[in-house]
Amino acid sequence: MVFRSNHKEVYMLTSITSKGPFSLLSKAYSLEELTVMREIEVFTCPGCRERLDLKLGAIKRYHFAHRRKSACDYSSEPESERHLLGKQQLYEQLQSAGTVLLEPYLKEIGQRPDLLIETPDKKYAVEYQCSSIPAEQVERRSSGYRKIGIEPIWILGANQLTRLSASEYRLNRFHWCFAKMIPYSSTPYLLFYSPDDQQLLQVSGLYPFSKQIFFAQVTLLAVHQVLFPPPSYRESFPLEWLRRKVYRYRQLPPPKQALPLQKHLYAKKGLPLSMIPSIVFTPTPIDYAIETEPYIWKTWLLLWAESRKVFTLEEAVDRLWQLSMEGRVAIRGIRGPAMEEVLSELGSLLLQAGFLQKGKNKQYKLIPIIWHSSAEQIHSCDDEFFRLISRVKHNL
């Protein structure tokens with residue numbers, strides 16, 4: 001591990017000794033132990049193999065440092081005390097999961113995971129990430145591990161999780177770099193670890209209302225479950241939460257990213273974006289696959305469907321990709337559901353709710369949708385819409 005101070009000094013917590021790799025985090029070494037070791041041992045850098053000094057000051061954490069300015073590229077991004085503490089706790093708590101190595105250097109790919117867990121069946125690289133890094137770096141590291149048959153597991157620091165209300169969280173593009181899918185499902189999840197209370201959190205059951213605002217369920221896991229997280233129990237869609245979000249949405253000005261749609265609606269319907277029909281708030285469990293606000297991309301599709309007598313699923317998918325190429329809709333860059341699956345899920349619910357009719361040759365027809373111009377009418381429609389969706393969700 002490499003640590004940088006505010007003065008650009010690079011110092012490290014791992015080294016190579018005559019007995020092999022050595023880490024200052026492998027146990028709670030006393031000052032006396034390290035003083036004796038410094039007298040009898042030679043420490044070298046795992047990357048460049050140059051000589052290191054063991055620094056045992058009273059202010060800074062004990063660390064290794066190169067004896068002179070070095071061009072060594074073994075370093076990584078700066079690590080905070082929180083990061084170091086969390087990493088040490090994870091190392092200690094994962095001992096039962098298999099053989100756990102602390103910061104081993106993988107020469108084949110030139111990478112050094114925080115932890116490497118070796119089990120009889122597989123190897124896992126655990127990365128504990130407490131600071132923001134570019135998405136390209138996350139993908140590059142993950143690809144490197146997979147290249148040599150190691151499964152990457154990213155755990156974010158709990159300081160990276162923003163809770164807005166009881167079950168509402170803010171998740172941005174940075175978070176989605178680390179999303180994994182629960183095996184044999186289309187359910188993404190994120191892992192967060194807090195060194196303060198030594199808790200591992202699984203955030204799943206993600207339902208978006210906007211680009212960054214999600215309803216989510218948080219489950220407390222035992223640390224050893226990072227290798228095999230349990231399937232998240234997906235509750236029925238939080239319709240009451242969505243109802244409140246829709247009510248508030250209709251009272252606020254549209255977000256900047258909705259302005260192209262706002263202009264289009266004024267030109268085509270003579271209506272503001274706050275008056276979009278209730279149908280565009282129809283929720284599905286895989287809405288997260290599209291980054292754009294669900295009600296925005298569904299309104300674009302509604303306008304397209306209204307202009308056609310009938311259409312197929314393939315044509316709807318083509319239209320969605322066209323909207324993406326035009327910059328009106330952004331697809332989330334994750335290994336998740338294909339657009340065919342997203343629209344198939346939406347179409348199934350619209351069929352059950354009576355908004356779509358299925359005809360011959362896999363063609364669909366949209367029933368006429370009324371665009372209301374008064375707040376009283378639209379709120380009444382919202383109430384009826386949520387009653388209808390609730391019945392459909394409960395198969396009533």
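The values are calculated or read from the model by the stated rules, or taken from the named source; none is laboratory data. Since the model is a prediction, treat every value here as computed from it, not as a measurement. Counting neighbours? That spans all protein chains shown, and the Cβs are built from the backbone with ideal geometry, glycine included.
Entry remark, the stretch 18-28: residues being surrounded by 14 or more Cβ atoms within 10 Å (Cβ to Cβ) and either in contact with a Cys (Cβ under 8 Å, 6 or more places away or on another chain) or not small (Gly, Ala, Ser) (or both) number 4 in total.
Working only within the stretch 81-93, note down all residues that are within 25 Å of Ile133 (Cα to Cα) and either modelled with pLDDT of 90 or more or touching a helix residue (DSSP H, G or I) at 6+ places or on another chain (Cβ under 9 Å) (or both). Break it down into steps so the answer makes sense when it comes.
Quick first cut of the stretch 81-93, residues within 25 Å of Ile133 (Cα to Cα) only: 81-91.
Of everything in the stretch 81-93, those that are within 25 Å of Ile133 (Cα to Cα) and either modelled with pLDDT of 90 or more or touching a helix residue (DSSP H, G or I) at 6+ places or on another chain (Cβ under 9 Å) (or both) turn out to be Arg82, Gly86, Gln89, Leu90, Tyr91.
Taken over the stretch 132-158, the criterion of being within 14 Å of the chain's Cα centre (by Cα) and closer than 17 Å to Asn172 by Cβ is satisfied by Ser132, Ile133, Pro134, Ala135, Val138, Glu139, Trp154, Leu156, Gly157, Ala158.
The numbered conditions (1) of a type outside the set (A, V, I, L, M); (2) assigned by TED's automatic domain parsing to the domain that holds Ala125; (3) more than 30 Å from Ser344 (Cβ to Cβ) are all true for Ser204 except (3).
Looking for whichever is buried (at least 16 other Cβ atoms within 10 Å of the Cβ) and more than 17 Å from Arg332 (Cβ to Cβ) here; the options are Tyr189, Tyr169, Tyr128. Which one fits?
Details: Tyr189 fails: more than 17 Å from Arg332 (Cβ to Cβ); Tyr169 fails: more than 17 Å from Arg332 (Cβ to Cβ).
Selected residue: Tyr128, the only one of Tyr189, Tyr169, Tyr128 that is buried (at least 16 other Cβ atoms within 10 Å of the Cβ) and more than 17 Å from Arg332 (Cβ to Cβ).
Residues that are assigned to a helix (DSSP H, G or I), among the β-branched types (Val, Ile, Thr) and within 24 Å of Val223 (Cβ to Cβ) occur in the stretch 127-141; there is at least one.
Within the stretch 361-383, which residues are among the acidic types (Asp, Glu) and within 36 Å of the chain's Cα centre (by Cα)? Full working, then the answer.
Residues of the stretch 361-383 that are among the acidic types (Asp, Glu), as a first pass: 376, 382-383.
Residues satisfying the conditions are Asp382, Asp383.
For residues that are under 24 Å from Glu340 (Cβ atoms) and of a type in the set (S, T, N, Q), scanning just the stretch 356-396, find the one that is surrounded by the fewest Cβ atoms within 10 Å (Cβ to Cβ).
At the first step, the residues of the stretch 356-396 found to be under 24 Å from Glu340 (Cβ atoms) are 356-367, 369, 389, 392-393.
Restricting the remaining residues to those that are of a type in the set (S, T, N, Q) gives 357, 361, 363.
Working: Gln357: 13, Asn361: 6, Gln363: 15.
Among those residues, the one meeting the criterion is Asn361.
When the criteria are applied in full, Ser210 meets the requirement of being within 21 Å of the chain's Cα centre (by Cα) and farther than 28 Å from Gln89 by Cα. Taking Phe64 as the residue in question, decide whether it is assigned to a strand (DSSP E or B), modelled with pLDDT under 75 and not polar (S, T, N, Q). Criteria not met by Phe64.
One residue is enough: does the stretch 171-187 have a residue meeting the conditions part of a strand (DSSP E or B), within 14 Å of the chain's Cα centre (by Cα) and either in the same structural domain as Gly333 (by TED's automatic domain parsing) or over 14 Å from Gly336 (Cβ atoms) (or both)? The answer is no; no qualifying residue exists.
Tell me, yes or no, whether the stretch 264-276 has at least one residue that is of a type outside the set (Lys, Arg), surrounded by fewer than 18 Cβ atoms within 10 Å (Cβ to Cβ) and within 14 Å of Arg328 (Cβ to Cβ). Yes, the stretch 264-276 has at least one match. Looking only at the stretch 301-321, residues that are without any contact (Cβ under 8 Å) to a residue 60 or more places away in the chain, more than 15 Å from Glu345 (Cβ to Cβ) and either out of contact with any Lys or Arg (no Cβ under 6 Å at 6 or more places or on another chain) or outside the structural domain of Gly333 (by TED's automatic domain parsing) (or both) come to 10 in all. Considering only residues in the stretch 164-197 that are in contact with a strand residue (DSSP E or B) (Cβ under 9 Å, 6 or more places away or on another chain) and of a type in the set (D, E, K, R), the one that is farthest from Trp241 (Cα to Cα) turns out to be Lys180.
Which residue, of Ile286, Ile276, Ile290, is aliphatic (A, V, I, L, M), closer than 20 Å to Phe237 by Cβ, in contact with an Asp or Glu (Cβ under 8 Å, 6 or more places away or on another chain) and assigned by TED's automatic domain parsing to the domain that holds Gln262?
Exactly one of Ile286, Ile276, Ile290 is aliphatic (A, V, I, L, M), closer than 20 Å to Phe237 by Cβ, in contact with an Asp or Glu (Cβ under 8 Å, 6 or more places away or on another chain) and assigned by TED's automatic domain parsing to the domain that holds Gln262, namely Ile286.
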